[in-house]
Amino acid sequence: QVQLVESGGGLVQAGGSLRLSCAASGRTYNHYARGWFRQAPGKEREFVAAISWSGSSTYYADSVKGRFTISRDNAKTTVYLQMNSLKPEDTAVYYCAAGGHGGVAAHPYEYDYWGQGTQVTVSS
């Protein structure tokens, strides 16, 4: 079993920055690919960014490319999402996920474990 805990969400003005963290614990967590998704009220959960288990590959949704950066620490247990130039449309609950496939993946069904989510609110 893998447990994921997100942190770092909050309220920020448009144009500002936030850094989300997702700490993992449990067995073999360092070999899991990791991803970030978000869900706004009344909308489906959407892909944001993903990173392979090694950290050598990353993948981003077009809506965040150039503004968000996903990374993971050397022990590969914690994943980060640096969010710059935030926009009101980035407002959502952000979820981190872990998947046993190892590579980058953009679909929720490709991930096995999910965190509880952290709220990000961007004011205009």
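Observations on the structure shown:
- Chain lengthening between Glu89 and Ser63 when straightened (0.36 nm per residue, less Cα-Cα): 8.4 nm
- Semi-axes of the equivalent ellipsoid for the stretch 1-76, Cα gyration tensor, largest first, Å: 22, 15, 13
- Two-site label geometry, Arg27 and Asp112: point separation in nm, points 7 Å out along Cα→Cβ: 0.9 nm
- Cα pair distances in the stretch 22-124, grouped into 5 Å bins until the bin that holds the longest one, percent each: 2, 14, 26, 26, 18, 9, 4, 1, 0
- Once the 1.4 Å probe is applied to the protein heavy atoms, the stretch 74-124 comes out at 46 Å² accessible per residue.
- For the stretch 68-116, the residue among Tyr80, Pro108, Cys96 whose Cα projects farthest onto the positive side of the dipole built from Cβ charges is Tyr80.
The values are calculated or read from the model by the stated rules, or taken from the named source; none is laboratory data. Note that the coordinates shown come from a computational prediction; the quantities given were computed from them, not determined experimentally. Cβ atoms come from the backbone with ideal geometry, glycine included; neighbour counts cover every protein chain shown. When the accessible area is computed, the model is the full protein with side chains, heavy atoms only, and any ligands, DNA or RNA have been set aside. Shrake-Rupley method; radii C 1.70, N 1.55, O 1.52, S 1.80 Å.
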